[in-house]
Amino acid sequence: MRIKSAQAWWVRIPIEPDRQHRSDFGQLQTFDAAILRIETDDGLTGWGEGKNAAGSAGSYAALVHLLNHEIAPRLIGRDPADIVQIWEMLYNGVRYEAAAAQGHAMPELSRRGLSVAAISAVDIALWDILGKSLGQPVWRLLGGRKADRLPAYASGGWAPADRIGEQLQSYLAAGGFRAVKMRVGVMDGAPHISAARVKAARAALGPDIELMVDAHGTYTVAEAKRFIQLVSDCDLAWFEEPVSADDKAGMAEVRSSGPVPIAAGESDATRFAFRDLAVLKSADIFQPDPAFCGGITEAMRIGAIASAFNLRLAPHLWAGAPCFFAGLHVCAASPSSFTIEYSLGANPMIHDLVEDDVSVEDGMIEIPDRPGLGFTIAETVLEAYAQRS
């Protein structure tokens, strides 16, 4: 079995005006991603996804060009089962053979950002192909699943203080969730405004629902520490990305300033960045995004680091179907995982792009048991919203 072709598209699906929300990256009018299809010479197809922007916003022309014109030619003729070796080839570039011989990384200068986003898309697609070729779900190839259903939390929460309680309560009703996440940070302005929204949310939810907050890395260290003080009586399950991912020392300072667990990692790529989070004691919960961190291969390595440091894994899954399903398989197989992010904002890249029903019941989500990643792309939707380049 050999790789015959690889094709990526910038897929941009409009969001209905009445389902749009405003966050720190503005009004979200579309859901965007780089979607990759890899085909083998015996007719198997694997689907992957790469991400290079916050949330579902952003431009994907450069990433798609990289995949189609620089990455794809290097894949043709390769055995798609050589997943780790292909990962290392793309990461180390022209020094790949030397790195393989010497047994340590010699990465290209462009190893982070678009390069790893492209590697992520390839890696997810290759695991999909491997599972299909063996007639097995990906979680089985990763070592087996710890449960056929895992807890999920509802992710959203942009409403002002006078409506945030109603918004989050609607999430509970939507899937029987016992945990919800809301957005805070620069979208509100000063920390006391975010704190007022959090207090209103806690009052509406009561003490038995877990409440997380996500600042998208928009606070300064001082603002994040102030925010923690202001919400000290709200019993937060975690405070996500309090400061920029570039300031891991600052994040460690925030973590040491109070009792709220710190979650981070959606903006970080590769195990090396997560090693730094662990060594600097910057986070309690790792949140790698499979479409950005390096795919399934790297997410499992990151999960191993979490386990070694007695930390926990909760991947960032505000994404399209290939990334989301990749996260399900990683969580099913990783000893460190404990919850699944489930978008309660408009997400056509999951619900419209696949023919499968992706839903939560009683706060739990099923782990797919079909071969590969376990979804079927809706080809008509892909054709309708793929941007031509």
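The values are calculated or read from the model by the stated rules, or taken from the named source; none is laboratory data. This one's a predicted model, so the numbers in the text were calculated from it and none came from an experiment. Every residue, glycine as well, gets a Cβ built from its backbone with ideal geometry; the counts of neighbours run over all protein chains shown. Protein only, heavy atoms only, side chains kept; ligands, DNA and RNA dropped before computing areas. Shrake-Rupley method; radii C 1.70, N 1.55, O 1.52, S 1.80 Å.
Observations
- q = 0.12, 0.29 Å⁻¹: log10 I(q)/I(0) that the Debye formula gives for segment 272-327, counting C-alpha atoms only: -0.24, -1.16
- For segment 263-268, putting each phi into the Karplus relation 6.51 cos²θ - 1.76 cosθ + 1.60 with θ = phi - 60° gives couplings of 10, 7, x, 5, 9, 10 Hz, in residue order, rounded to whole numbers and with x for Gly and Pro.
- Relative to the longest principal axis of the Cα atoms of the chain, the long axis of helix 161-175 lies at roughly 50 degrees.
- 12 Å cut-off, amide nitrogen to a point 7 angstrom out along Ala204 Cα→Cβ, residues in segment 147-179: 157-173
- Under Karplus coefficients 6.51, -1.76 and 1.60, residue-wise ³J(HN,Hα) of segment 107-116 in Hz, glycine/proline x: x, 5, 4, 8, 5, 9, x, 4, 4, 6
- Chain lengthening between Glu366 and Phe338 when straightened (0.36 nm per residue, less Cα-Cα): 8.7 nm
- Note on Val94 and Ala81: the model spin-label points, each 7 Å out from Cα along the C-beta direction, lie 3.3 nm apart.
- The distance from the alpha carbon centre of segment 1-38 to that of segment 280-296 is 21 Å, rounded to a whole number.
- Relative to the longest principal axis of the Cα atoms of the chain, helix 321-333 runs at roughly 80 degrees.
- Accessible area in square angstrom per residue, segment 213-262, 1.4 angstrom probe: 40
- Taken along the Cα-to-beta-carbon direction at a fixed 7 Å, the label points for Glu166 and Arg22 span 1.8 nm.
- Full-stretch length increase - Ser59, Ala222 - with 0.36 nm per residue and alpha-carbon distance subtracted: 55.5 nm
- Across segment 307-320, rounded Karplus estimates of 3J(HN,Hα) from the backbone phi angles (6.51 cos²θ - 1.76 cosθ + 1.60, θ = phi - 60°) give 4, 5, 9, 6, 9, 10, 10, 9, x, 7, 10, 7, 7, x Hz, Gly and Pro being marked x.
- Taking the DSSP bridge list for the chain and keeping only pairs wholly inside it, about 55 percent are antiparallel.
- Between amide H atoms placed 1.01 Å from N, distances below 5 Å from Ile365 occur with Leu150, Ala152, all of them 5 or more places distant or on a separate chain.
- On Cα atoms only, tilt of 270-279 relative to the major axis of the chain in degrees: 40
- Amide H contacts of Thr30 (H built 1.01 Å from N, under 5 Å, at least 5 apart or other chain): Ile15
- Database remark: amide H of Ser5 closer than 5 angstrom to the amide H of Glu39 (H placed geometrically; neighbours at sequence offset of 5 or more, or on other chains; Pro and chain starts carry no H).
- Inter-probe distance in nm under a simple model that places probes 7 Å from Cα toward Cβ, at Ala304 and Ala378: 3.8
- Alpha-carbon centroids, segment 219-238 and segment 79-123: separation in whole Å: 39
- Fraction of accessible area attributable to carbon and sulfur, segment 209-251 (%, probe 1.4 Å): 43
- Accessible area of Leu44 in the full protein assembly, 1.4 Å probe (Å², nearest 10): 40
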